[in-house]
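The values are calculated or read from the model by the stated rules, or taken from the named source; none is laboratory data. Quantities reported herein were computed from a predicted structural model and do not represent experimental measurements. Cβ: placed from backbone, ideal geometry, glycine included. Neighbour counts: every protein chain shown.
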Amino acid sequence: MPAPVPFDPESAANASIAPRPSRPGVETKRAICQTCDIACSVVTESKNGRVVRVRSSDNPIFRDHICMKGIVAPKGFAHPDRLLHPLRRVGERGSGKFERVSWEEAMADIGARLKAVIAEHGPEAWAVSTSQWNTCTDQGLGRRIMNHLGSPNWISGVALCAGNTAAVNRLTYGWFPMADFMNAKVIVLMGHNPTRHSWTPIYSMIRSAQARGAKLIVFDPRRSKSAERADIWLPLKAGSDAAMMFGWLKVIFDEGLYDREFVENWTVGFEELRARVDEFPLERVAKLTGCDPEQIAEAARLYATGGPSIIPWTPITDMQRYSTSAIRLQSILRAVCGHLDVVGGETLQGAHPQVTPEWVIEAHEALPEAQKAKQLGSDAHPAFTYRGQAALREPAKRVWGYEYPNQVMGCFMANPSATFRAMAGEGPYPVKAFFFLGNNPLLSYANMPKILEGMMNQDLIVAHEQFMTPSAQLADYVLPADSWLERPWLTDSWGWMSTVRPGAKSMEPPGEAESTFSFWKRLAGALDRPDLVPWDSLEDLYDWRLRGVGKSFAEFVAESDVSIVPPQFRKYRKTGFATPSGKVELKSSVLEDLGFDPLPYFREDPAPEPGYPLTLFTGVREDGFFQTGHRHIPEMRARTPQPLAFLSPETARQFGIAEGDWIRIGTTVGDVDLMASVRDSMPDGLVRIPHGWWKPEMTRGLAEGLSGALKYADAQLCRDDPDYLDREQGIPHLKGVPCSLTKIDAPREVSAEALKHPGRAPALTPAE
Amino acid sequence: MERGGQGWSHWRRERMAALTASLASRSARNKTMLDRLCRVVVAKVAAPPAEDYMRDPLIDDDQGFDPDELDRYQRGEAPDAPASRRPAGEPG
């Protein structure tokens, strides 16, 4: 998620500024770190044309927005294995053998082969996996080209991280809100645990809020740092968030703690919702969640009456088998308690009124309805597809001025699992060309064996990457990508906020590395459609987006590092909400029309499966890494040299495991090897697995295990069978999957390293 | 109990939020005397609490990298730079 612009309007006094002295020979630039999805405003310092330091911004509203991943970025991008030239596969797919070619040669062949795939199978046979979190200079051009050519099959990791939350929020009140941390009086973290090095601005804002008296409620099975600092910690069973929220609503409705005026005037479906909530007396909720009913009630009362309150976006709710219901329950809590679009609550900001959003560039109107209807997964799991969001087009145009507001890129996506099945020849039609940019799809979605099968069944695979990832090792072409130090950026937080920020380019890209913008421009030319990318350069495109502001990108970035739109609240009183009814739909007309339960519900766990006695919690972010990246950086690997599985002392005792032992975790899909770390913060029976592991130092190629990906990547554990997919979205359940645990010997490369350095203890991450 | 954005308290908070957004815009520009005055105010408003329970020397003590050190690292000549892992025949 992007960093909200923080403010506490009630604490201005005794201010001072200590400007940083400029250093001789050092050139500074205001930039935006794009190492992770937060996008912190920072300053780069360069010497001899090279960035040598990344530090936090001089702008006080972005002060201290810096983490270790940003600090080591100059070294990470200087790594000797950085891709510097276009590469073409010369051996069998997955052999890891490539030869250097020119950009021109590569793009001419890619264009010809993509045209052949489209001619034979139709434009829907071309799928793209990416995320503007990572590519940043995509600026909607990928979707634009796909839409004009006729392919609806764009997939992204945002399908299970924030993008899907945006789409589902729209079902209830038509827009995805941003929490006003700095004015909130109660903050609810649902499994989320912002730290000094992950979601850093959120971490700072929560500390600030607590320092001025705000209360913190944390849902989390483990005793996280946030849980330790919470006023109320609800140590719920993994994957029972929706049951907990039903319990809150039961207390809030029964005790009359909701906002009656708002509910009467601005919602539909209250009585039906109340009947559903009545199915969840606290005794049942306590049983489902494992929490004390009195504590549940206390937390519900605090949320409802101690506000304004916020339930910020959390990656946990995005990834559960009833994710749609859980996200809708969050939305419903916000609305019925009167915390929606108020100061200190959840603000519905709209797009910056003078800056063209990326979704305008995406040109969704150019994709014919017949092609939209072919979007993979939209038949069974339509929530975030064109079909699922179609009923919101007119309301969005009416309220927010745009028919296709693709907030957080997540509102018009194909379903990833359905796409990979089609790639493997198991879909309604074949997908035979697969591109991925700034994305490591093999490790980024559920059911890695199926993804691998699908990738091995392609006629054309193209990767645009900084490093030779496991996914890139399977490609026909691997094209060198620039880094955030080497490109300018203009971000509107993908429509989540109205704030717009520019970031300067700090140095030239090495070798022949080029931006995502450049890649799409080259591809448009190779497809004989140069008209689709009419801008000559990134700066030219940014100038076009900023034309309503009346200044160029160069002028904008020279003048300021942010454009803030004056906040407005309770806008719905003039416009209504961007839903079919114009009100907050507690009972969703969109879901009902799509054939789903229009009310939120809870799915209890499937029956226990023999051989899988423990519960797995995966998709976990580690501080030193973002998604599947950064394992090549020495400073980061020194902190976390091996993938660590966390388990409780009692679970470790039951399985005869000691700290530092190697274990194999298995599910019905596959298994991975990890080093055990015994933590008393963990509940019994739960195993917590980090996301996205591979080892760049290991041998490349499919036969060799794709640099450790086939041994360590958590995607091999993630199921996508119906019991473990959300019904409406079709995204996987990552928070509570049955698993097995077996003690094993240390992997060969780990033993070899230990022999080279006897006595060196593994440096375990300080995070929980 | 404050509810649904009603009443004097909410009206005041909304006006304050608009004022502080204006302060932040001017503060970010930081050109004129008024901008700088706004920056002084915002610097105080946005200050995180001094207590940071996850302080990290990697951040607190960071002085950046030496450009020559990065050059050597990029060429694989630094002590912590890995030997090239490119397969035979793959260019750099």
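See the values below:
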| quantity | calculated |
| --- | --- |
| Conditions (1) within 14 Å of chain B (Cβ to nearest Cβ); (2) among the aliphatic types (A, V, I, L, M); (3) on the phi > 0 side of the Ramachandran plot: number failed by A:Ala363 | (1) |
| Any hit, the range A:175-194, residues being buried (at least 24 other Cβ atoms within 10 Å of the Cβ), in a helix (DSSP H, G or I), within 16 Å of the chain's Cα centre (by Cα) and in contact (Cβ under 8 Å) with a residue 24 or more places away in the chain | no |
| Positions within the range A:556-566 being buried (at least 18 other Cβ atoms within 10 Å of the Cβ) and facing chain B (nearest Cβ under 8 Å), in sequence order | A:Ser560, A:Asp561, A:Val562, A:Ser563, A:Ile564, A:Val565 |
| Selected residue (criterion: nearest to A:Asp605 (Cα to Cα)) from residues of the range A:204-222 that are away from chain B (no Cβ under 14 Å) and in a loop (DSSP other than H, G, I, E, B) | A:Pro221 |
| Single condition B:Cys38 does not satisfy, out of (1) more than 7 Å from chain A (Cβ to nearest Cβ); (2) over 22 Å from A:Met68 (Cβ atoms); (3) surrounded by fewer than 16 Cβ atoms within 10 Å (Cβ to Cβ) | (3) |
| Candidate set: the range A:464-481, residues that are part of a loop (DSSP other than H, G, I, E, B) and in contact (Cβ under 8 Å) with a residue 60 or more places away in the chain; chosen: the one farthest from A:Ser707 (Cα to Cα) | A:Asp476 |
| Matching helices (runs of 4 or more DSSP H) fully within the range A:317-395 where at least 1 residues are more than 25 Å from A:Gly247 (Cα to Cα) | A:358-362, A:369-372, A:386-389 |
| Subset of the range A:567-580 [surrounded by fewer than 16 Cβ atoms within 10 Å (Cβ to Cβ) and within 12 Å of chain B (Cβ to nearest Cβ)] | A:Arg573 |
| Flag for A:Lys237 being touching a residue at least 60 places away in the same chain (Cβ under 8 Å), within 23 Å of A:His192 (Cβ to Cβ), within 14 Å of chain B (Cβ to nearest Cβ) and of a type in the set (Lys, Arg) | no |
| Looking only at the range A:412-447, and only at residues there that are among the hydroxyl-bearing types (Ser, Thr, Tyr) and assigned to a loop (DSSP other than H, G, I, E, B), the one that is surrounded by the most Cβ atoms within 10 Å (Cβ to Cβ) | A:Ser444 |
| Whichever residue in the range A:626-652 is closer than 14 Å to A:Gly692 by Cα and in contact with a strand residue (DSSP E or B) (Cβ under 6 Å, 6 or more places away or on another chain) and, among such residues, is farthest from the other protein chains (Cβ to nearest Cβ) | A:Ala645 |
| Positions within the range A:588-618 being assigned to a loop (DSSP other than H, G, I, E, B), over 25 Å from A:Gly685 (Cβ atoms) and hydrophobic (A, V, I, L, M, F, W, C), in sequence order | A:Leu594, A:Phe596, A:Leu599 |
| Subset of the range A:692-723 [outside any loop (DSSP other than H, G, I, E, B) and modelled with pLDDT of 95 or more] | A:Leu702, A:Ala703, A:Glu704, A:Ala709, A:Leu710, A:Lys711, A:Tyr712, A:Asp714, A:Ala715, A:Gln716 |
| Among the residues listed as A:Glu120, A:Glu105, A:Glu124, the single one being buried (at least 22 other Cβ atoms within 10 Å of the Cβ), assigned to a helix (DSSP H, G or I) and acidic (Asp, Glu) | A:Glu124 |
| Subset of the range A:158-180 (residues that are at pLDDT 95 or above and not aliphatic (A, V, I, L, M)) | A:Gly163, A:Asn164, A:Thr165, A:Asn169, A:Arg170, A:Thr172, A:Tyr173, A:Gly174, A:Trp175, A:Phe176, A:Pro177, A:Asp180 |
| Residue match in the range A:485-500 (condition: farther than 30 Å from A:Phe569 by Cβ and assigned to a strand (DSSP E or B)) | no |
| B:Arg26 vs. criteria basic (Lys, Arg), surrounded by fewer than 20 Cβ atoms within 10 Å (Cβ to Cβ) and more than 7 Å from chain A (Cβ to nearest Cβ) | no |
| A:Pro86 being within 14 Å of another protein chain (Cβ to nearest Cβ) and either under 20 Å from A:Asp459 (Cα atoms) or modelled with pLDDT of 95 or more (or both) | yes |
| Candidate set from the range A:284-307 (those that are assigned to a loop (DSSP other than H, G, I, E, B) and among the small types (Gly, Ala, Ser)); member that is farthest from the other protein chains (Cβ to nearest Cβ) | A:Gly290 |
| The range A:634-654, residues that are more than 25 Å from A:Pro221 (Cα to Cα) and buried (at least 22 other Cβ atoms within 10 Å of the Cβ) | A:Met636 |
| Cross-chain or 6+ apart pairs with Cβ under 7 Å, the range B:2-14 first and under 9 Å from A:Arg570 (Cβ atoms), then modelled with pLDDT under 80 | B:His10/B:Glu2 |
| Any pair with Cβ under 6 angstrom, 6 or more apart, that starts in the range A:320-346 at a residue that is within 16 Å of A:His381 (Cα to Cα) and at pLDDT below 95 and ends at one that is buried (at least 24 other Cβ atoms within 10 Å of the Cβ) and among the acidic types (Asp, Glu) | A:Arg321/A:Asp726 |
| Unique match (being in contact with a helix residue (DSSP H, G or I) (Cβ under 6 Å, 6 or more places away or on another chain) and of a type in the set (A, V, I, L, M)) among A:Ala78, A:Ala73 | A:Ala78 |
| Hits in the range B:58-85 - residues which are at the interface with chain A (Cβ under 7 Å from one of its Cβ atoms), modelled with pLDDT under 90 and under 11 Å from A:Asp81 (Cα atoms) | B:Ala81, B:Pro82, B:Ser84, B:Arg85 |
| Failed criterion for B:Glu51 (all others in (1) more than 7 Å from chain A (Cβ to nearest Cβ); (2) modelled with pLDDT of 90 or more hold) | (2) |
| Qualifying strands (runs of 3 or more DSSP E) (wholly inside the range A:17-76; at least 2 residues being within 10 Å of chain B (Cβ to nearest Cβ) and out of contact with any Gly (no Cβ under 6 Å at 6 or more places or on another chain)) | A:41-47, A:50-56 |
| When residues of the range A:533-555 are limited to those that are within 14 Å of chain B (Cβ to nearest Cβ) and free of Cβ contacts under 8 Å to residues at least 24 places away in the same chain, the one farthest from A:Val342 (Cα to Cα) | A:Glu555 |
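Residue-by-condition table, conditions (1) buried (at least 16 other Cβ atoms within 10 Å of the Cβ); (2) among the β-branched types (Val, Ile, Thr):
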position	(1), (2)
B:Thr32	no, yes
B:Val42	yes, yes
B:Val45	yes, yes
B:Pro48	yes, no
